[in-house]
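Data block below; observations after.
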Amino acid sequence: MIITKTPLRISFLGGGTDYPEYFLKHGGAVIGTAIDKSAFFCMSHFYSKLFDYSIRIAYRQVECVKAIDELQHAPFRECLRWAGVTGDIEINHSTELPAFTGLGSSSSFVVGLLNTIHAFKRRMTPSLELAYQAIELERGPLRESVGCQDQTLAAVGGFNLIEFRGMGDFVVNRIPFAQGRLREFEDHLLVVFTGIKRRAEELASRQVSRVGQNLASLAALRGLVDEGYRVLTGGGSLAGFGELLHRAWTHKRALDAAISNDAIDRTYQAGIEAGALGGKLLGAGGGGFLLFFVPPERRAAVQARLGHLQQIDFQVNAPGTQVVHCDSVRGDLRPPAVYREAA
């Protein structure tokens, strides 16, 4: 039996520049973090000759089938097909937070499932290679218009500035926080659920089709990543990071009219009026979780103003996907995380 744990993520700056349609021509970068809310997989062998099915998968539903092609769940089906796993397996999936809410759960699913299958087959796969494989599957067989930050953060974990220089050429820069500054940063974060779940695929496809029209906004979003890095690694006030988030949200809303709506705008404005310095909708837009950057002394006021919305508590800088249990091999099957460091 193999059990794996794969983090969800929060993206702060640079979202939209991680699409190959943009970064292959102009270069892209994001600042984001893996968080301590995760997706879990449990994979084990069983003797299919004793049953009337060969593959059993469980998520919100349970599927028991005799062949891969019969699976209705596309990511399960295509990951198993890609890995050459044809039967005699059972896989169970669970997650701490719901899908379609802007936390990168779809890509965490694929990264985590690939890591699970590799471990089940006794393969050792570098962390960033898992991200590349997930991107290939999502943009290929699954035909999804995904960017590349979600898979990377799920695979390598940590709090990073990630540069996208080309397909298969990502550079992960761990952000060197001074002692205590990471916790100070974390104390400024407040995340609430808008109550709106949405599939990001349609909105992401629209944004990809509009890259040529949005070059100025995307270039501005890329520039904010460098400014954000200077704020995080400097010794000054973190207030400037909240202001950067507000500027980024303004640029992001300009990418497509469907990214926000009246309800989201009202919630965002209420948070700002109560004391938040800035914020953004997480993920592609249209709903999901809303992030605010709030000075600790104003936190109670913002929470009171948004008390009708569900808040989630979390920690940043979580580790990337990992094997947490293997009943026949001691320890994690993968070697230490391997990713390209900045020169």
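State yes or no: is Phe120 aromatic (Phe, Trp, Tyr) and either closer than 20 Å to Gly16 by Cβ or free of Cβ contacts under 8 Å to residues at least 12 places away in the same chain (or both)? No; evaluated as a whole, the condition is false for this residue. Within region 245-268, identify whether any single residue is in a helix (DSSP H, G or I), more than 17 Å from Leu13 (Cα to Cα) and either of a type in the set (S, T, N, Q) or touching a Pro at 6+ places or on another chain (Cβ under 8 Å) (or both), and answer yes or no. The answer is yes, given that some residue of region 245-268 is in a helix (DSSP H, G or I), more than 17 Å from Leu13 (Cα to Cα) and either of a type in the set (S, T, N, Q) or touching a Pro at 6+ places or on another chain (Cβ under 8 Å) (or both). Every test in (1) surrounded by fewer than 22 Cβ atoms within 10 Å (Cβ to Cβ); (2) at pLDDT 95 or above is passed by Arg253 save one, and that test is (2). Evaluation of Gly236 against the conditions (1) surrounded by 22 or more Cβ atoms within 10 Å (Cβ to Cβ); (2) of a type outside the set (Lys, Arg); (3) in a loop (DSSP other than H, G, I, E, B) shows that the sole unmet condition is (1). Kindly indicate which of Val225, Val211 is among the β-branched types (Val, Ile, Thr) and in contact with an Asp or Glu (Cβ under 8 Å, 6 or more places away or on another chain). Of the residues listed, the single one that is among the β-branched types (Val, Ile, Thr) and in contact with an Asp or Glu (Cβ under 8 Å, 6 or more places away or on another chain) is Val211.
Flag: Glu136 matches the condition of being acidic (Asp, Glu) and touching a Phe, Trp or Tyr at 6+ places or on another chain (Cβ under 9 Å). Screening Thr116 with (1) over 16 Å from the mean Cα position of the chain (by Cα); (2) assigned to a loop (DSSP other than H, G, I, E, B); (3) crowded, with 21+ Cβ neighbours inside 10 Å; (4) not small (Gly, Ala, Ser) gives one miss only, at (2). When Pro141 is tested against the conditions (1) surrounded by 23 or more Cβ atoms within 10 Å (Cβ to Cβ); (2) part of a loop (DSSP other than H, G, I, E, B), the lone failure is (1). If we scan region 305-323, do we find a residue that is surrounded by 15 or more Cβ atoms within 10 Å (Cβ to Cβ), in contact with a helix residue (DSSP H, G or I) (Cβ under 8 Å, 6 or more places away or on another chain) and in a helix (DSSP H, G or I)? Looking for residues that are surrounded by 15 or more Cβ atoms within 10 Å (Cβ to Cβ), in contact with a helix residue (DSSP H, G or I) (Cβ under 8 Å, 6 or more places away or on another chain) and in a helix (DSSP H, G or I), one finds at least one in region 305-323, hence yes. Residues in region 126-159 that are charged (D, E, K, R) and over 23 Å from Phe185 (Cβ atoms): Glu129, Glu136, Glu138, Arg139, Arg143, Glu144.
Does region 78-93 include one or more residues that are surrounded by fewer than 19 Cβ atoms within 10 Å (Cβ to Cβ), small (Gly, Ala, Ser) and within 22 Å of Ser205 (Cβ to Cβ)? Scanning region 78-93 turns up no residue that is surrounded by fewer than 19 Cβ atoms within 10 Å (Cβ to Cβ), small (Gly, Ala, Ser) and within 22 Å of Ser205 (Cβ to Cβ).
This table checks each residue for (1) modelled with pLDDT of 95 or more; (2) under 22 Å from Thr17 (Cβ atoms); (3) of a type outside the set (Ser, Thr, Tyr).
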residue: Val191; (1), (2), (3): yes, no, yes
residue: Glu201; (1), (2), (3): no, yes, yes
residue: Gly234; (1), (2), (3): no, no, yes
residue: Leu238; (1), (2), (3): yes, no, yes
residue: Gly242; (1), (2), (3): yes, yes, yes
residue: Ile272; (1), (2), (3): yes, no, yes
residue: Leu282; (1), (2), (3): no, yes, yes
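Filtering region 315-342 to residues that are under 26 Å from Phe241 (Cα atoms) and either touching a Phe, Trp or Tyr at 6+ places or on another chain (Cβ under 7 Å) or modelled with pLDDT under 95 (or both) leaves Val316, Asn317, Glu341, Ala342.
The values are calculated or read from the model by the stated rules, or taken from the named source; none is laboratory data. Being a predicted model, the structure only gives us computed values, none of them experimental. Backbone-built Cβ (ideal geometry, glycine too); neighbour counts: all protein chains shown.
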